[in-house]
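The values are calculated or read from the model by the stated rules, or taken from the named source; none is laboratory data. All of these numbers come straight from a predicted model, not from anything done at the bench. So basically every Cβ, Gly included, is an ideal-geometry build from the backbone, and we count neighbours across all protein chains shown. Just the protein is used for accessible areas: all its heavy atoms, side chains included, with ligands, DNA and RNA removed. Shrake-Rupley method; radii C 1.70, N 1.55, O 1.52, S 1.80 Å.
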Amino acid sequence: MGWKSAKVCGKVLQLPVDWIEPSPYQARREFDEQEIARLSLSILQNGLLQPVSVRRTGKDRYELIAGERRLRACKLAGMETVPAIVCEYEDDQTAALGLLENIQRQNLNPFEQARGIREVIDRWGCTQEQAAKRLGLAQPTLNNKLRLLQLTEEQQQYCLAAGLTERHARAVLRLEPERRSPALEQMAKQGMNARQADAYVQALLSAVEKRRPRVMVRDVRLFVNTINRAVRLMVDAGVPALCQRTEDEECIEYRVRIPVASACRGGAAKGEDR
């Protein structure tokens with residue numbers, strides 16, 4: 001435990017790359033090898049302009065907080081040491097900082113961002129509103145990103161492979177789960193942009209709505225029963241009332257014919273009985 005007495009915080013050190021371990025809280029799952037190769041070439045020509053951030057975990061052992069792309073590029077360039085800023089952070093701070101760096105640089109794909117945000121929320125034990133404030137995101141933006149996790153892993157991978165955007169992915173969330181994969185495939189096949197994808201999903205929903213049996217709301221059923229009961233009462237009283245009902249997609253129409261003369265005679269007859 002002697003290493004704790006010699007801690008360094010906030011200073012840039014030249015650390016052997018073998019001393020630095022990847023962060024277990026890294027949200028990124030995929031790295032562009034060509035991009036790392038280009039970064040490696042730039043580092044060879046110009047040096048590493050921005051140090052990585054690490055925290056100390058033991059004697060000669062450090063854990064990466066931010067800068068995994070840079071660290072990979074330095075290793076690829078054959079560098080034995082790398083400039084690093086040593087910080088003191090707890091697990092939740094480390095996870096949040098790694099995510100923040102990637103979000104701010106837009107280096108994560110939407111699904112990696114969503115998983116990173118979910119992990120940070122779980123570690124902080126906070127609400128989505130609190131997380132949005134601490135991550136510097138608008139709450140609707142954060143909520144929309146988390147909704148992407150409703151897609152299956154296969155659907156997420158398909159979106160990435162087919163070049164579909166976050167808006168494409170959010171659009172299919174309006175559909176039932178079993179209809180989402182076919183919709184994504186159709187979007188990719190037809191090369192739909194985000195607006196076309198929204199319109200396509202709306203068309204699918206409208207088609208389902210037209211086929212769906214119409215269910216009468218409770219209040220309307222009450223009024224319909226009242227009309228039927230009134231007609232039966234007139235017929236039972238000797239008034240030959242006739243009722244015709246027509247129905248379409250927009251309304252229910254009743255036409256009730258009450259013969260005036262019959263009504264009068266019925267009323268007179270009842271008076272004579274009295």
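Some observations on this one:
- Within region 255-274, being outside any loop (DSSP other than H, G, I, E, B), open to solvent by less than 100 Å² (accessible area, probe 1.4 Å) and modelled with pLDDT of 80 or more holds for one residue alone: VAL256.
- Contact map, region 172-187: first residue polar (S, T, N, Q), second residue assigned to a helix (DSSP H, G or I), Cβ cut-off under 8 Å, separation 6 or more or different chains; pairs are SER181/GLU154; SER181/GLN155; SER181/TYR158; GLN186/TYR200.
- Region 91-137 - residue that is under 30 Å from ALA162 (Cβ atoms) and not in a helix (DSSP H, G or I) and, of those, modelled with the highest pLDDT: ASN109
- Criterion (more than 31 Å from the chain's Cα centre (by Cα), at pLDDT 80 or above and either farther than 30 Å from GLN156 by Cα or in a helix (DSSP H, G or I) (or both)) met by exactly one of LEU49, LEU41: LEU41
- Qualifying positions in region 146-188 - on the phi > 0 side of the Ramachandran plot and under 10 Å from the mean Cα position of the chain (by Cα): none
- Check on ALA27, at pLDDT below 80, crowded, with 19+ Cβ neighbours inside 10 Å, within 15 Å of ALA84 (Cβ to Cβ) and not β-branched (Val, Ile, Thr): no
- Matching option when the condition is assigned to a loop (DSSP other than H, G, I, E, B), more than 18 Å from ALA114 (Cα to Cα) and out of contact with any Ser or Thr (no Cβ under 6 Å at 6 or more places or on another chain), among LEU175, LEU164: LEU175
- THR127 being within 23 Å of ARG174 (Cβ to Cβ), hydroxyl-bearing (Ser, Thr, Tyr) and either open to solvent by 60 Å² or more (accessible area, probe 1.4 Å) or touching a strand residue (DSSP E or B) at 6+ places or on another chain (Cβ under 9 Å) (or both): no
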